[in-house]
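To start, the structure under review is shown below, and the notes come after it.
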Amino acid sequence: MQYLPINLPTGNSVGTSLVELANLISSRDIDSVLNLNNITRSHDIGKSLLDFYKTLNIDSCDNVTYQEKGSILNTLTSDSDVFETAALLNETEWKFLKLTGSFYGMLKIPETVRLLSVVGVLGNKDHVKKDIYNKSFMMLNDEKTYDHKIDPSIFNSYDGKRGSQILTSTPTNNPMQWFKLPWGKISLYSSLSGKSMDFPVYPDGLKDGVQANYETMSDILYQYEPWQVYHSSGPRSNTFSFKMHRDMWSGNHLDGKCNELIRFCEANCYPDYKGASVQTSTVTLYLVGKPYITGVMTSVDVSWDSDSPIGQDGFYLVCQLDLTITEVASEPLSYNTVMNKGLIS
């Protein structure tokens, strides 16, 4: 089953409208989707869903037990992205999933409904890998070590390297010190492959901005200055720089993981040809688990540090990877929607 994210009304902004929903699914399927989600047909679908949530009295409901979580997860194994999203829910979100069978702010889409390509849709039809499944339930059933919670690091693309650490020693032969890497916090998702890869480092700072584009009208007599006519805003185009060491994945720079990440980024600059059709990729950069920007990859630059050590394979060990992403907004942007965005969104 697929899950479609919609906007809920917040502050002065309205939620996803019926017209907007009809643009994503066939108009003849609207009623079946609304009935499956127990919401009434109205102009503002986001408000209808929010009204339904209020009837649940979530605050008065007991927390979902780890046994119940396990039962629910067992029904979600046919879609790895759905399984991962459910596994990492907080307690309040688990209540919504238990009571509604869906995620907060998302609509369940029946199997018979064809959903057009939309950013953020869950349901990739890629079964959960056996090792991920086993690790998830081991943690869920372990109270002493994991407190019945699933560690997000197990969903890192590099199986077995999750929670990897760099081992270092000091010149004075002090005891070894371990430094944890941010696995699972910084990742890049590709819509073309339906997969994501993690970065072992944070980007070197963030610079974000948007510009408004205006055109001037033809000169009018007796006007002190030309009239400014709004044309468009954006799109955002951000460059992210990552400086990495090839030993950061497993401690062995011969594992090829740095090259795998670089090729993954470069591949998203190219289309995939399916016969006569040309399919291009949309990427999403996640920072601390939240989508920071979604768009098209327009540039990937790799530079190898000539001052870095040389590895056993005779190649440099330190590189800088620069990615440029031009935003393709997943929702119509307006004054109100931008005003109500969070710090990272």
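The values are calculated or read from the model by the stated rules, or taken from the named source; none is laboratory data. Treat the numbers as computed from the prediction; the structure is a model and nothing was measured. So basically every Cβ, Gly included, is an ideal-geometry build from the backbone, and we count neighbours across all protein chains shown. Each accessible area value is taken on the protein alone, full model and side chains, heavy atoms only, with ligands, DNA and RNA left out. Shrake-Rupley method; radii C 1.70, N 1.55, O 1.52, S 1.80 Å.
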By the C-alpha gyration tensor axes a ≥ b ≥ c (rounded if a/c is under 1.5, else prolate when a/b exceeds b/c, else oblate), the shape of the chain is oblate
How large is the Rg to Rh ratio of the stretch 49-105 when both quantities use alpha carbon positions and Rh follows Kirkwood?
0.96
Which three extents, in whole angstrom, do the alpha-carbon atoms of the stretch 1-103 cover along their principal axes, largest first?
40, 31, 21
Under a GNM of the chain (C-alpha, springs under 10 Å), which listed residue has the highest mean-square fluctuation: K129, K185, K257?
K129
Cross-link candidates for K243: which aspartates and glutamates have Cα within less than 15 Å, leaving aside residues fewer than 8 places away along the same chain?
D198, D204, D301, D305, D307, D322
Both in Å, the radius of gyration and Dmax of the C-alpha trace of the stretch 197-345 are 20.9, 75
If Rh is defined by the Kirkwood formula over all Cα pairs and Rg also comes from Cα, what ratio Rg/Rh do you get for the stretch 1-59?
0.96
Quick check: pseudo-label points 7 Å beyond the Cα along Cα→Cβ at E260 and T298, how many nm apart are they?
3.1
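Could you work out [θ]222 nm for the chain from helices alone, using -39500 (n - 2.57) per DSSP H run of at least four and dividing by all its residues? Round to the nearest 500 deg cm²/dmol.
Rounded to the nearest 500, the figure is -6000 deg cm²/dmol.
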Listed pairs K47/K274; K129/K185; K207/K341 exceeding 28 Å between Cα atoms:
K47/K274
For q values of 0.19 Å⁻¹, compute log₁₀ I(q)/I(0) with the Debye formula on a Cα-only model of the stretch 269-345, without solvent.
-0.93
Relative contact order, percent, of the stretch 50-111 when contacts are C-alpha pairs under 8 Å separated by at least 6 residues?
32
If you count only protein heavy atoms with a 1.4 Å probe, what accessible area per residue comes out for the stretch 1-56, rounded to a whole Å²?
52
Under the classification rounded if a/c is under 1.5, otherwise prolate if a/b is larger than b/c and oblate if not, where does the stretch 222-308 fall, given a ≥ b ≥ c as square roots of the Cα gyration tensor eigenvalues?
prolate
With every protein chain in place, the stretch 274-345: carbon and sulfur % of accessible area (1.4 Å):
54
